[in-house]
Amino acid sequence: MAVCRKGNSMNYNQIGEVTATFQTSGTVNVGDLVAMAENSTVETAAANDEVIGVCVSKNGSYVGVQLKGGTTLACSDSTLTVGYHQLKAASGNSIALATEGAYHLVVSVDTGAKTAMVIL
């Protein structure tokens, strides 16, 4: 596994990326956090939904969803720190700490930009 370096910061985006194609329920756009809606179907994640990934491509009613790997996500939770955490969708297509669900590795948090680099 390689780590890309941008200036004075580390970048883990796309490392170990795994994507899968799903049908959509409703409107899902590139960059949206997504959650399972029903069999083989995703929808834009609503606040408190368990996030399964990020929409990285769209073709009609099908979307490519990044399920694994590094990605930078909007973060509305000022208490988020680095380490393994349970994460959920929050308002504004962002993530926040959760009390249940899957654990994800948070490798950096930028409170000024309100983003977190996460390995799904």
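The values are calculated or read from the model by the stated rules, or taken from the named source; none is laboratory data. Treat the numbers as computed from the prediction; the structure is a model and nothing was measured. Positions of Cβ are generated from backbone atoms using ideal geometry, with glycine treated the same way; all protein chains shown enter the neighbour counts.
Before moving on, here are some points about what is shown:
- Picking from residues in the range 105-119 that are without any contact (Cβ under 8 Å) to a residue 40 or more places away in the chain and surrounded by 17 or more Cβ atoms within 10 Å (Cβ to Cβ), the one that is nearest to Gly53 (Cα to Cα) is Val106.
- Strands (runs of 3 or more DSSP E) fully within the range 18-84 counting 3 or more residues that are within 25 Å of Ala113 (Cβ to Cβ): 33-38, 53-59, 62-68, 70-74
- Residues located in the range 57-84, provided they are touching a Phe, Trp or Tyr at 6+ places or on another chain (Cβ under 7 Å) and closer than 19 Å to Thr99 by Cα: Tyr84
- Residues satisfying the stated conditions in the range 69-99, i.e. touching a strand residue (DSSP E or B) at 6+ places or on another chain (Cβ under 8 Å), loosely packed, with under 15 Cβ neighbours inside 10 Å and either modelled with pLDDT of 95 or more or among the polar types (S, T, N, Q) (or both): Thr79, Thr81, Val82, Gly83, Tyr84, Gln86, Thr99
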